[in-house]
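The structure under discussion appears below in the form of structure tokens.
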Amino acid sequence: MELDVHHLKLVRAIGETGSLSEAAVRLGISQPAVSGSLKRLENALGQRLFDRGSSTASVMPTPTGELLLDRISAVLPMMEGLARDIEVRTSPSEFVRVGGVCSPVLCHLPAIVDSHRPHGPAASLFDSECRDLVVEMVVQRRLEVGVVKDYPGFEAVAPASVDFAVVAHDRTLVLLREDHPLARHKVIGLEQLADEPWVLPPPDSSRFHEYFHRSCRRKGFTPRVQYVSESFGMTVAAVRNGAVGLSQAACEGHQQVAARLLADDALSRRFLLVWHRESEFARVARDVLVDAALAYRIECEASPVYSRYLA
């Protein structure tokens, strides 16, 4: 049997509420419909996913249910994000002119572009975690300019109609609990984290997970990824509870969390500016590139963590 999005949403709703009746409210359907759908899914899988409690409506996940819930927490947000990104691709292009993936440069991009197009409409911002989508939207002229990131050995490939230019090489900070024994070091080798539980962002088209696992293997260990977090806030929460996380260089800093530089440029990345060669923007692309690099530098110097390394 193949699981689809409806199955995943059903299991997530039941697992998060612990109740068939509350899951029904969340999904906007009746409790009998939830019970019937769950029964059909369990029959098709040949596995019980939830054990019924003392109340007929309350449930607890079985080991198989817990396994499925763990995977759903990583997979379903990606699928839902893909649906949102596809919807954006079909929206009118005048509402999306600049965009890219999370980086210290992205928030500055609309103002930078506006400064080089003083008589045009103000630039609006499209934020996506999907690098390939950003590049494809530039190819389609639905984005005037984008910012993406790539990693050594997993470099982004520019389509024939698109130009890439490097804005910055960004180093990586490792996030630890303040009382972690390694927190006393200013710089930490990746191999020193071999026995730690990791929290990582969800897999995406930048292939970071492949890069991360390859980098760890080259240091002689296989990482134990215990958490997959959709947001940086949840990453910080996982670190406070004992996990080890990662941050771009321009890190804000958080209470109870120590941010330390990884040695040997481990897990570093590039931020790239991407634009269509035949667009009007092409004539000012190099000027925007200079301003974007300056914006990156300003963000790093303003970082309470990374600025100490720069100094």
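Which is buried (at least 17 other Cβ atoms within 10 Å of the Cβ), at pLDDT below 85, touching a Lys or Arg at 6+ places or on another chain (Cβ under 8 Å) and over 27 Å from Arg260 (Cα atoms), of Ala156, Ala123?
Values: Ala156 fails: at pLDDT below 85.
Ala123 is the lone residue from the list that is buried (at least 17 other Cβ atoms within 10 Å of the Cβ), at pLDDT below 85, touching a Lys or Arg at 6+ places or on another chain (Cβ under 8 Å) and over 27 Å from Arg260 (Cα atoms).
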Please tell me if Thr56 is at pLDDT below 75 and surrounded by fewer than 16 Cβ atoms within 10 Å (Cβ to Cβ). yes
Is it true that some residue in the stretch 269-292 is farther than 26 Å from Asp132 by Cα and either touching a helix residue (DSSP H, G or I) at 6+ places or on another chain (Cβ under 6 Å) or buried (at least 18 other Cβ atoms within 10 Å of the Cβ) (or both)? no
Among the numbered criteria (1) modelled with pLDDT of 95 or more; (2) in contact with a Phe, Trp or Tyr (Cβ under 9 Å, 6 or more places away or on another chain); (3) among the small types (Gly, Ala, Ser), which single criterion is violated by Ser206? (1)
The stretch 163-211, residues that are surrounded by fewer than 21 Cβ atoms within 10 Å (Cβ to Cβ), of a type outside the set (D, E, K, R), assigned to a helix (DSSP H, G or I) and within 16 Å of the chain's Cα centre (by Cα): His209, Tyr211
Scanning for something among the aliphatic types (A, V, I, L, M), more than 25 Å from Cys251 (Cα to Cα) and touching a residue at least 24 places away in the same chain (Cβ under 8 Å), does the stretch 164-177 turn up at least one residue? no
Between a first residue in the stretch 5-20 that is assigned by TED's automatic domain parsing to the domain that holds Thr64 and a second residue that is of a type in the set (Gly, Ala, Ser), which pairs have beta carbons less than 6 Å apart while being 6 or more apart in sequence or on different chains? Leu10/Ser37; Ala13/Ala23; Ile14/Ala23; Thr17/Ala23; Ser19/Ala57; Ser19/Ser58; Leu20/Ser35; Leu20/Ala57
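The values are calculated or read from the model by the stated rules, or taken from the named source; none is laboratory data. Computed from a predicted model, the values in this text were never measured in an experiment. Heads up, the Cβs are rebuilt from the backbone with ideal geometry, glycines too, and the neighbour counts pull from every protein chain shown.
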